[in-house]
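First comes the structure, then the notes that go with it.
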Amino acid sequence: MKFRIYRYDPEKDAKPYVKDYDVELAVTDRMLLDALVRLKSVDESLSFRRSCREGVCGSDAMNINGKNGLACITNLKELKEPIELRPLPGLPVIRDLIVDMSQFFKQYHSIRPYVVNEAPPPEKERLQSPEDREELDGLYECILCACCSTSCPSFWWNPDKFVGPAGLLQAYRFIADSRDAAINERLDNLEDPYRLFRCYSIMNCVDVCPKGLNPTRAIGKIKDLLVKRAV
Amino acid sequence: MTLPVRRFDAIIVGAGGAGMRASLQLAEAGLSVAVLTKVFPTRSHTVAAQGGIGASLGNMSEDSWLWHMYDTIKGSDWLGDQDAIEYMCRMAPKVVYELEHFGMPFDRNPDGTIYQRPFGGHSANFGEKPVQRACAAADRTGHAMLHTLYQRNVRAHTHFFVEWMALDLVRDAEGDVLGVVAYEMETGEVMILQAKATVFATGGAGRIFAASTNAFINTGDGLGMAARAGIPLEDMEFWQFHPTGVAGAGVLITEGVRGEGGILLNCNGERFMERYAPNLKDLASRDVVSRSMDQEIKEGRGCGPHKDHVLLKLDHLGPDVILKRLPSIREIALKFANVDPIREPIPVVPTIHYMMGGIPTNVHGQVVAPSGGATNAVVNGFYAVGECACVSVHGANRLGTNSLLDLLVFGRAAGNFIVDQRLDRVEHKELPRDAGDAALSRLARIDSNQGGEGMAPIAADLRNTMQAHCGVFRNAELLSEGVRKVMELEQRALRVTCADKSRTFNTARVEALELDNLIETAKATIVSAEARTESRGAQARSDFPGRDDANWLKHTLWYRDGNRLDYKPVNLKPLSVEAFPPKSRTY
């Protein structure tokens, strides 16, 4: 199988280049990650992150034939050859397919990603109706792989000012939680020309999310809440 | 060579459930804490846990911590320490409620309480009937828990060293642990992180086997470091085969599928677990179900063209239950088995999942080892929690849902114990002059070796050897041959060559460093397994089919030095209740 892979080691390469590989796969190599592991056994300098190999840890996000996705749950049969692999767009490259995700996590941290509720908790669990709990479905499942934010042109232009789809999805996850008591502070924190309103509903995020989540819809709900609060 | 030194009150190695539950206690108490992790915290393998957290909340029907305790002891085949098991089961409701207060998105019952599902080996009234004890967030409980703990640590301003790997322990002449030598992956820098308390929460080591549910990162780093520092490893022969890994892929299918009503079928369409475990059937404990499946396959009743797996049927649960309670299972089945479980069964095989053994500790997480006549002498400054530790609550076989519980209970307990030490008033001890030598010489060896093999073929041979020689059923011949092969692999590993000399994010070098830890874990496992001439829990010897309490109701301790084995008694005395004496184990 043929690959064209972005390579860059700052210690020896003046600039990035693309390297071609042609590797014979085993019948058991089903996913793109299987192929990458096999490639690494041939060329151990090829560098990428990976861990759970089942689409839940979010380590192996990369740009696959022009579209962001997770290598471990991308079936090789679905890919056109040569398979072109590049690091996630818009973030600084550390080496090969490994990007510096500091900016991405900084935005995630900026939305206060935890339930805020200063009321002393009961001795047992706080009660929450199944309907209120359902409000969190489609939100809490995010794996922070960054496929969405690094496919978003608004995030490319303003990664320091625009929270990005992943961070905003999580912002809404806490707004939507019936146990959270900081909705106003959360809305204040986002009421800003950049932090929230750089989303122009391009919907690349929805297109690439490997977990099938919909950040654009969550962002729309935050915008609705801001409008409602204003009137 | 002098290495740079950074000092903290406490360092934690590993940012999975146990590490982050411990760090939360420490950070909230205001200690200076550093958490080292090979991967960003939410990528730790706790994220892959699916089914639930065991706790006798009694939200679905009557339950009690004593029943949970009994089930855990029976599940452990009486090898678990009853003091630790009592502590864990009594604490379970508290740690689950805390997690809910932290924001964990548990599924809910109509009355607003936490939803609980049945799970293997969990029963009401001392084995009478299944009970719903597994507190669940759909089939993503580990993901929800790990993210919740990370979020809470963000709130507590815990300091993480992300993509740092601990290489070796620093121990002084008195045997006290003073920290670790650590390697920053992005830059290749090596540094000593000195601490008054060093907590290992490094997780499992399933990557010593070929067919494993474990992540790539589960390479037994804590076990390797402890073994090299002269600390014994306990009960390493006990490895859990999860009954339902996707055939060929190894990816986990939660026991929660059977908890929700899924059943296992052989090629005749027979629900064979009715024969092996008439009472709990498909919800018998994991060692029992895995052996039964292996038996069915061995006797020619496996499914598929090679008759090499069995089927997990759940279509009868209906699309509503599957989509609501088991959505990720459907995703996994579609992606990795090419079947839609709403219509078709999933091909499954017993797959390595969990290490019951580990670094010996007491209920405070303090590492203990025989010394000066005492069986459980504390190793000063050293703690271990979670899968890398052996406290021992799982004994010879862990019950499903007790791993997430173990992380929460003992991560928290170790954190609280360390807070009580008032480390702010304690001075750092002086580092030994050779503090970094062992780690640096390992690095130098990997960098200077030439012309040898790379890491990949050695690790592959190790995984295949362990799979073939230390599987579901073991015998003397397989094991002694396996020990010989693993010792040969250790020699090959010493010559491992890393052609990539870059300092920048050199994953080949990291894998070569991990190989040393895989080798130590594999040695401990197979040497301990060969010596134990009985069948108990997950150790099934076809040449010694019975449990032998007279000779083997004891914990194994393996020492790296000379592959020496020692033993210590099982604690059969709970903290406050009557002991549960060993009896025959049927489901």
Exercise for the section: Using only Cα atoms, find the angle between the long axis of helix B:141-155 and the longest principal axis of chain B, and express it within 0 to 90 degrees, rounded to the nearest 10. Expected result: 40 degrees
Problem - Full-extension gain in nm, residue B:467 to residue B:176, via 0.36 nm per residue minus C-alpha separation - result: 101.1 nm
Problem - Ranking of B:555, B:147, B:157 by count of other Cβ atoms within 10 Å, fewest first - result: B:157, B:555, B:147
Problem - Unpartnered cysteines - no second Cys beta carbon under 4.7 Å - across chain A - result: A:72, A:142, A:145, A:147, A:152, A:199, A:209
Handout entry: Principal axis dimensions, largest first and in whole angstrom, of region A:141-198 by Cα
Key = 33, 27, 12
Exercise for the section: Mind sorting B:448, B:23 by how few other Cβ atoms lie within 10 Å of their own Cβ, fewest first? Expected result: B:448, B:23
Practice task
Provide, for q = 0.29 Å⁻¹, the log10 of I(q)/I(0) from a solvent-free Debye sum over equal Cα point scatterers in region B:404-461.
Solution key: -1.12
Completion exercise
If the label point sits 7 Å along Cα→Cβ of residue A:43, residues of region B:485-510 with amide N under 16 Å come out as B:499-502, B:507-508
Problem - Measure of compaction for region A:1-118 (Cα Rg per 2.2 N^0.38 Å) - result: 1.18
Exercise for the section: State log₁₀ I(q)/I(0) for chain B at q = 0.05, 0.07, 0.11 Å⁻¹ as given by the Debye formula over alpha-carbon point scatterers of equal weight, solvent excluded. Expected result: -0.19, -0.37, -0.98
Problem - At most 16 other Cβ within 10 Å, DSSP loop - trypsin sites (Lys or Arg not before Pro), region A:17-85 - result: A:80
Exercise for the section: Using only alpha carbon pairs under 8 Å that are at least six residues apart, calculate the relative contact order of region A:73-231 and give it in whole percent. Expected result: 25 percent
Completion exercise
Rounded to two decimals, the Debye log10 I(q)/I(0) of region A:1-46 (Cα scatterers, no solvent) at q = 0.20 Å⁻¹ is -0.68
Practice task
Return the percentage of antiparallel bridges among DSSP beta bridges fully within region B:299-434, rounded to the nearest 5 %.
Solution key: 80 percent
Fill in the blank from the handout: Mean per-residue count of partner chain Cβ within 10 Å for B:108-121 equals 3
Handout entry: Overall dimensions of region B:285-421 as given by Cα atoms, namely Rg and Dmax in Å
Key = 20.8, 62
Handout entry: Cβ-derived FRET efficiency at R0 22 Å, residue A:201 paired with residue A:4, nearest 0.05
Key = 0.10
Exercise for the section: Kindly provide the Kirkwood hydrodynamic radius of region B:345-499 in Å, to one decimal, from all pairs of distinct alpha carbon atoms. Expected result: 19.5 Å
Completion exercise
Mean per-residue count of partner chain Cβ within 10 Å for B:39-48 equals 6
Fill in the blank from the handout: The correct pair for region B:306-367, radius of gyration to one decimal and Dmax as a whole number, both in Å and from Cα atoms, is 17.5, 50
Exercise for the section: Please determine, in degrees from 0 to 90 and to the nearest 10, the orientation of helix B:17-28 with respect to the longest principal axis defined by the Cα atoms of chain B, where the helix direction is its Cα long axis. Expected result: 60 degrees
Problem - Rg to Rh, two decimals, where region B:178-293 supplies the alpha carbon set and Rh follows Kirkwood - result: 1.13
Practice task
Please find the FRET efficiency linking residue B:441 to residue A:231, where r is the Cβ-Cβ separation and R0 is fixed at 60 Å, and quote it to the nearest 0.05.
Solution key: 0.30
Completion exercise
extent check for region B:65-121: Cα max minus min per principal axis, descending, whole Å, gives 37, 21, 15
Problem - Full-stretch length increase - residue A:100, residue A:78 - with 0.36 nm per residue and alpha-carbon distance subtracted - result: 5.1 nm
Practice task
Write down the radius of gyration of region A:85-189 and its Dmax, each obtained from C-alpha positions, in Å.
Solution key: 16.3, 52
Handout entry: FRET efficiency, residue B:267 to residue B:494 (Cβ-Cβ, R0 51 Å, nearest 0.05)
Key = 0.65
Exercise for the section: Just rank A:157, B:65, B:239, fewest to most, by other beta-carbon atoms within 10 angstrom. Expected result: A:157, B:65, B:239
Problem - Taking region B:409-515 and dividing mean pair separation by its residue count, relative contact order in percent (alpha carbons under 8 Å, at least six apart) - result: 35 percent
Practice task
Hey, could you get me the Stokes-Einstein D for the protein assembly as shown, Kirkwood radius over alpha-carbon pairs, 20 °C and 1.002 mPa s, rounded to whole µm² s⁻¹?
Solution key: 80 µm²/s
Practice task
Return a whole-number percent for the relative contact order of chain B, with Cα pairs under 8 Å and 6 or more residues apart as the contact set.
Solution key: 22 percent
Practice task
Using Cα centres only, tell me the gap between region B:110-160 and region A:24-46 in whole Å.
Solution key: 36 Å
Problem - Rounded to 5, percent antiparallel among DSSP beta bridges of the protein assembly as shown - result: 70 percent
Handout entry: 18 Å Cα-Cα reach of residue A:12 towards lysines, excluding residues that sit fewer than 8 places from it in its own chain
Key = B:501
Problem - By average C-beta atoms within 10 angstrom, highest first, the peptides B:252-261, A:5-14, B:168-177 - result: B:252-261, B:168-177, A:5-14
Handout entry: Under-5 Å amide H pairs with residue B:541, H placed in peptide plane, nonlocal only
Key = B:474, B:535, B:536
Completion exercise
Expressed as a whole number, the average count of other chain Cβ atoms within 10 Å around the Cβ atoms of A:117-128 is 5
Completion exercise
Long-range alpha-carbon pairs in region B:360-405, meaning those over 18 Å apart, account in percent for 31 percent
Practice task
Specify the angular offset, from 0 to 90 degrees and rounded to the nearest 10, of the alpha carbon long axis of helix B:507-531 from the longest principal axis of the alpha carbons in chain B.
Solution key: 60 degrees
Problem - Straight-distance crosslink candidates among lysines, where the alpha carbon sits under 27 Å from residue A:223 and sequence neighbours closer than 8 are dropped - result: A:106, A:161, A:211
Handout entry: Hits among lysines - C-alpha to C-alpha of residue B:554 under 26 Å, sequence gap 8 or more where chains match
Key = B:74, B:523, B:568, B:573, B:583
Problem - Additional length obtainable on full extension of the chain from residue B:549 to residue B:484, 0.36 nm per residue less Cα span - result: 20.5 nm
Practice task
Treat region A:105-157 as a sphere of radius equal to its Kirkwood radius over Cα pairs and apply Stokes-Einstein at 20 °C in a medium of 1.002 mPa s; give the translational diffusion coefficient in µm²/s, rounded to a whole number.
Solution key: 150 µm²/s
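Every number here is computed from the coordinates shown, using simple stated rules; none is lab data. No experiment lies behind these values; they were computed from the predicted model shown. Here Cβ is always computed from backbone atoms with ideal geometry, including for glycine, and neighbour counts include all displayed protein chains.
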